[in-house]
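I have placed the structure first, in the form of structure tokens, so that the comments after it can refer back to it.
The values are calculated or read from the model by the stated rules, or taken from the named source; none is laboratory data. The model shown is predicted, which means the values in this text are computed figures rather than measured ones. Neighbour counts run over all protein chains shown; Cβ positions are idealised from the backbone, glycine included.
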Amino acid sequence: MDLPIYQLDAFAEAPFAGNPAAVVPLETWLADVTLQSIAQENNLSETAYLVPVETGDADFEIRWFTPTTEVELCGHATLASAAALFGPLGFDGDEVRFATRQAGPLTARRHGDRVQLDFPARPAVTVPPPAGIQQALGVAPLAFLRAVAHMAVLEDEAAVRAVRFDRDFLLGLEGDGLIVTAPGDACDCVSRYFAPHAGIDEDPVTGSAHCTIAPYWAHRLGRTTLHARQVSARGGDLTCEVVGERVRLAGRARLYLEGTIHL
């Protein structure tokens, strides 16, 4: 069996930036063990799979796998999937609708030279910080919140960049990893995201994390549109718009390679 594969850098302003994702279009679903094995072989933070939907309110069902597990929502691999559809896969239309197994309906639309995603907001609530968080991050958070993921708010961008996380500590946290965030020097907010529980010590750029980051900073700054930057080693930029219980995330995606998987 031969399968097409595309690799794109999502939320990337230049080559070798943003977050690489693999996109594998399928005619029908393969066994989960095969999907997981391909993702493990790709060894990227996410591999997205697309299967056409013949009827209903979606064009494709989408699923996302890290090298070790399936996840319920992924932003950068959805952006990469939409960019592949709008580009080399020749999807006819300015909006593509995705059905998911856990995250509800998602859409992606052409937005100038970018792709804009429409995702569910995941607002966080303040909770007591876990014991040991200061030692684990090397800095005491100004605030600690919880949504699907934990989120530590730090003083400034320099503090976010300086974080050296304790992997074992983060593996002991419940939930979907840890976001660290602060006001940005040249943007509204910056962040990093750590998810060792999913086989990703640090994710380069994380769309789903901004479903929590954007509502927090929109409330703090008193506006609904934000320029966010994830300050990982690769780095990536997102335009975030909070619209009620939804978050719109826009960014560029660059096609890096296309090829064939031989099974």
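Some observations on this one:
- Checking each residue in the stretch 4-41 for being among the β-branched types (Val, Ile, Thr) and closer than 18 Å to residue 52 by Cβ picks out 5, 23, 24, 28.
- Of all residues in the stretch 146-191, those satisfying the criterion of being among the hydrophobic types (A, V, I, L, M, F, W, C) and loosely packed, with under 15 Cβ neighbours inside 10 Å are 158, 162, 171, 186.
- Filter result for residue 32 (modelled with pLDDT under 95 and of a type outside the set (S, T, N, Q)): no
- The single condition from (1) free of Cβ contacts under 8 Å to residues at least 24 places away in the same chain; (2) outside any loop (DSSP other than H, G, I, E, B); (3) not β-branched (Val, Ile, Thr) that residue 128 fails is (2).
- Tabulated pairs, the stretch 143-171, first farther than 19 Å from residue 206 by Cβ, second surrounded by fewer than 17 Cβ atoms within 10 Å (Cβ to Cβ) and hydroxyl-bearing (Ser, Thr, Tyr), C-beta under 7 angstrom, 6+ apart or interchain: 143/126
- Leading residue by the ranking (nearest to residue 121 (Cα to Cα)) among those in the stretch 30-76 that are of a type outside the set (Val, Ile, Thr), free of Cβ contacts under 8 Å to residues at least 24 places away in the same chain and loosely packed, with under 13 Cβ neighbours inside 10 Å: 54
- When residues of the stretch 35-54 are limited to those that are touching a helix residue (DSSP H, G or I) at 6+ places or on another chain (Cβ under 9 Å) and of a type in the set (Gly, Ala, Ser), the one modelled with the highest pLDDT: 48
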